[in-house]
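K.L.:
Here it is: the structure, laid out below.
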Amino acid sequence: RTTMKSLRFISAEAFVSNAEFARKSLGAVAHDLFPLLFKASYLLEQGEVIHDLVENWPLFDFNMGKLLGATLDYQEDLSHRTCSVCLESCLTGLRDYVLNQSSPYMKKLKVVDLTGIKDVEVQFCKCKKTMGRWARTQLLSKLCSELLVYLQQAQCNPGTFEISINVLIELFVTERNYELVVQALLKKCSCPLKICCVAFRSDNLTLQKFFYIIKLTDPSLLRKLEIVHNVHLEMEHLEMLFNSIHFPLLTSLTLPARTFNVRRFTATDEQMLSNIGEKMGEMSQLTELSMSFSILTGRIQKLLSPLKTPLKMLDVSNCSLNHADMAFLANSFHANHLEILDLSGHDIPGLYPSTFFKLLSHCSSVLRNLTLEDCNIQDSHVNMLILGLSPCQKLQEFKFIGNPLSSQALKHLFTFLCELPMLKNVEFPVPRDCYPIGITYPIDDASICRFDHQKYERVAEELNLILLQANREDVKASTPLFGSYDAAVQETNNELGAYLIKSFKETLEKFSTSFNKMS
């Protein structure tokens, strides 16, 4: 698929393709052409030209999402290209914008917005080397610290110290880049480049470090907070967080696994849960909530009823919800607004089929993403599922890995899925008949790959043929056995792997010590 380019864009490409000539000629370029030249340089991966464009940026703002998004001159959106060459050139160009000794009166830049960059699985840039969110956090923090050191040591134009540029970024902090980010945030007041954190993701951090750095980010600006995986946040810590810090602009909250466990609740815990619900109710912008792998049986109403704004996204996968929880969701004012819903890990047909379909019918006019993995959906439930999904005409993504469905049932379901006009992505299970007879669901990790791969390939081909014959080549169908692609996890998997091995080793040592004492 080729995207049409205007004559202006073709001319811009020709201009930047000769890097040496382009860099020499920038002084004679009209200011309103800088955005056009930037996108052309990004497309051609002309790092040196990108650097010089940013270093001499003549406008008040620099918004990556807008600059790389669809424009009249070139419709293709390049914001999903996290090309390392291009992004490093951008950020070093920004540092050199501050250091450039040209007259400070020419320096108009006030806001740099890096939040429009999207991390995706497949990269189209020639260098094939990406700079993910973690690496962008690392590089910007490093450049801010280096900039301060340089300004303190060098004889700079006095106007340099008057430069103040807010850099909007989505920070991603782990143990490995923690110190660097802390230093950059601590010195924010003195640095011309001011890190403004609008989204914060933390993984593999001690609670003490998490609480320290979250206060440094200026929580009053935070729109998205993700506390994931190896941050051992439990309910009492969450209450402490909400009591000590206000998040007035927060729209999205992700909590780590096992934040809540109602099985060991006391009366004090019930009160704590109510307090947390009330604190979330005070977050008037909150529309996205993810609390997967917590045990919340019978407590969904207590947690969600104080919310004054309807949720658009809810992830309660593997939360051991009961009928009362599902009934609350189906009848709550959230139901009519849910665009993204994840109910994975619940036996929907066995526990609350009619209540689930009531919920589905209420959100059908707005639902875009539905995830029902490991939900015990069998062949006998497919017709009912089709009936429930039929009104969901805006559905773009449907994931149902881990359900015991036969090849025949999948073909029946795919024939229906072709009729959903907005559908773009389907994640389907390995058919039950590809596994040995007697396999039990949910399938454990040890058995998940023990299926007839040749038979699976034949079925997958037939399913894709159904899409093809219905002229739905736009739908991507796949079976990611170990979960969907997660850019953040992919980028930091070496650090997380090392952390898990260390934790396992420590657990073994504790067990060994205890065993020796008993002996």
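The values are calculated or read from the model by the stated rules, or taken from the named source; none is laboratory data. Note that the structure is a prediction, hence the values are computed from the model and not measured. Cβ placement follows ideal geometry from the backbone for every residue including glycine, while neighbour counts extend to all protein chains displayed. With ligands, DNA and RNA removed, areas are computed over all heavy atoms of the protein, side chains included. Shrake-Rupley method; radii C 1.70, N 1.55, O 1.52, S 1.80 Å.
K.L.:
Take the range 360-402 and flag every residue that is open to solvent by 10 Å² or more (accessible area, probe 1.4 Å) and part of a helix (DSSP H, G or I).
P.N.:
Residues satisfying the conditions are Ser361, His362, Asp379, Ser380, His381, Asn383, Met384, Ile386, Leu387, Gly388.
K.L.:
Does Asn166 satisfy the criteria of being open to solvent by less than 10 Å² (accessible area, probe 1.4 Å) and under 30 Å from Leu78 (Cβ atoms)? So that I can check it myself, show each step before the final result.
P.N.:
Details: open to solvent by less than 10 Å² (accessible area, probe 1.4 Å): no; under 30 Å from Leu78 (Cβ atoms): yes.
It is false that Asn166 is open to solvent by less than 10 Å² (accessible area, probe 1.4 Å) and under 30 Å from Leu78 (Cβ atoms).
K.L.:
Would you tally the residues in the range 411-465 being closer than 16 Å to Leu395 by Cβ and either aliphatic (A, V, I, L, M) or in contact with a strand residue (DSSP E or B) (Cβ under 9 Å, 6 or more places away or on another chain) (or both)? Quick ask: steps written out before the conclusion?
P.N.:
The initial filter retains those residues of the range 411-465 that are closer than 16 Å to Leu395 by Cβ, namely 413-428.
Now restrict to residues that are either aliphatic (A, V, I, L, M) or in contact with a strand residue (DSSP E or B) (Cβ under 9 Å, 6 or more places away or on another chain) (or both): 413-414, 417, 420, 422-428.
The qualifying residues number 11.
K.L.:
Quick one: what pairs do we get from the range 268-292, first residue closer than 13 Å to Leu307 by Cα and assigned by the TED database to the domain that holds Ala257, second open to solvent by less than 40 Å² (accessible area, probe 1.4 Å) and small (Gly, Ala, Ser), C-beta under 7 Å, 6+ apart or different chains?
P.N.:
Close Cβ pairs satisfying both conditions: Glu288/Ser252.
K.L.:
Report yes if some residue within the range 129-150 is over 29 Å from the mean Cα position of the chain (by Cα), of a type in the set (A, V, I, L, M, F, W, C), assigned to a loop (DSSP other than H, G, I, E, B) and not assigned by the TED database to the domain that holds Val49; otherwise report no.
P.N.:
No, every residue in the range 129-150 fails to be over 29 Å from the mean Cα position of the chain (by Cα), of a type in the set (A, V, I, L, M, F, W, C), assigned to a loop (DSSP other than H, G, I, E, B) and not assigned by the TED database to the domain that holds Val49.
K.L.:
For the range 62-92, how many residues meet the condition of being in contact (Cβ under 8 Å) with a residue 24 or more places away in the chain, open to solvent by 60 Å² or more (accessible area, probe 1.4 Å) and within 23 Å of Gly132 (Cα to Cα)? Give the derivation first.
P.N.:
Of all residues in the range 62-92, those in contact (Cβ under 8 Å) with a residue 24 or more places away in the chain come to 62-69, 71-76, 78-92.
Retained after the next criterion (residues that are open to solvent by 60 Å² or more (accessible area, probe 1.4 Å)): 66, 72, 75, 85, 88.
Filter again for within 23 Å of Gly132 (Cα to Cα), leaving 66, 85, 88.
Residues that pass the stated criteria total 3.
K.L.:
Within the range 335-359, track down each residue that is closer than 21 Å to Arg432 by Cβ, open to solvent by less than 60 Å² (accessible area, probe 1.4 Å) and part of a helix (DSSP H, G or I).
P.N.:
Scanning the range 335-359 gives Ile348, Pro349, Gly350, Pro353.
K.L.:
Output the residue which, of all residues in the range 10-20 that are under 19 Å from Glu76 (Cα atoms) and in contact with a helix residue (DSSP H, G or I) (Cβ under 6 Å, 6 or more places away or on another chain), is most open to solvent (accessible area, probe 1.4 Å).
P.N.:
Ranking the qualifying residues of the range 10-20, first place goes to Glu13.
K.L.:
Let me ask another. Go through (1) open to solvent by 20 Å² or more (accessible area, probe 1.4 Å); (2) in contact (Cβ under 8 Å) with a residue 40 or more places away in the chain; (3) outside the structural domain of Asp203 (by the TED database) for Glu461 and report which single condition fails.
P.N.:
Every condition holds for Glu461 apart from (2).
K.L.:
For the range 418-436, does any single residue satisfy the condition of being outside any loop (DSSP other than H, G, I, E, B), at pLDDT 95 or above and open to solvent by 70 Å² or more (accessible area, probe 1.4 Å)?
P.N.:
yes
K.L.:
Can you name the helices (runs of 4 or more DSSP H) wholly within the range 162-256 that have at least 1 residues being within 24 Å of Leu109 (Cα to Cα) and modelled with pLDDT of 95 or more?
P.N.:
Answer list for the range 162-256: 178-186.
K.L.:
Name the residue, out of Arg23, Arg95, that is part of a helix (DSSP H, G or I), farther than 21 Å from Thr3 by Cα and either out of contact with any strand residue (DSSP E or B) (no Cβ under 8 Å at 6 or more places or on another chain) or open to solvent by less than 30 Å² (accessible area, probe 1.4 Å) (or both).
P.N.:
Selected residue: Arg23, the only one of Arg23, Arg95 that is part of a helix (DSSP H, G or I), farther than 21 Å from Thr3 by Cα and either out of contact with any strand residue (DSSP E or B) (no Cβ under 8 Å at 6 or more places or on another chain) or open to solvent by less than 30 Å² (accessible area, probe 1.4 Å) (or both).
K.L.:
Looking at Ser284, is it of a type in the set (Gly, Ala, Ser) and not in a helix (DSSP H, G or I)?
P.N.:
Considered against the rule, which asks whether it is of a type in the set (Gly, Ala, Ser) and not in a helix (DSSP H, G or I), Ser284 comes out as yes.
K.L.:
Next up: Going by the structure shown, is Ser6 modelled with pLDDT under 95 and surrounded by fewer than 16 Cβ atoms within 10 Å (Cβ to Cβ)?
P.N.:
Criteria not met by Ser6.
K.L.:
Looking at Asn336, Asn369, Asn376 in this structure, which one is more than 18 Å from Leu289 (Cβ to Cβ) and either at pLDDT 95 or above or in the same structural domain as Ile300 (by the TED database) (or both)?
P.N.:
None of the other options fit; the residue is Asn376.
K.L.:
A further question on this structure: Within the range 437-464, can you find the residues that are basic (Lys, Arg), out of contact with any Cys (no Cβ under 7 Å at 6 or more places or on another chain) and not in a loop (DSSP other than H, G, I, E, B)?
P.N.:
Once the filter is applied, which keeps residues that are basic (Lys, Arg), out of contact with any Cys (no Cβ under 7 Å at 6 or more places or on another chain) and not in a loop (DSSP other than H, G, I, E, B), the range 437-464 yields only Arg458.
K.L.:
Let me ask you something else. Among (1) under 23 Å from Thr492 (Cβ atoms); (2) part of a loop (DSSP other than H, G, I, E, B); (3) in contact with a Leu (Cβ under 7 Å, 6 or more places away or on another chain), there is one condition Phe293 misses while meeting the rest; what is its number?
P.N.:
Of the numbered conditions (1) under 23 Å from Thr492 (Cβ atoms); (2) part of a loop (DSSP other than H, G, I, E, B); (3) in contact with a Leu (Cβ under 7 Å, 6 or more places away or on another chain), the odd one out for Phe293 is (3).
K.L.:
Further question on the same structure: Anything in the range 299-328 that is part of a loop (DSSP other than H, G, I, E, B) and open to solvent by less than 40 Å² (accessible area, probe 1.4 Å)? List them, or say none.
P.N.:
Matches in the range 299-328: Pro306, Leu307, Thr309, Pro310, Leu311, Val316, Ser317, Cys319, Leu321.
K.L.:
Please find, among Phe416, Phe400, the residue that is under 27 Å from the mean Cα position of the chain (by Cα) and of a type in the set (Phe, Trp, Tyr).
P.N.:
The match here is Phe400.
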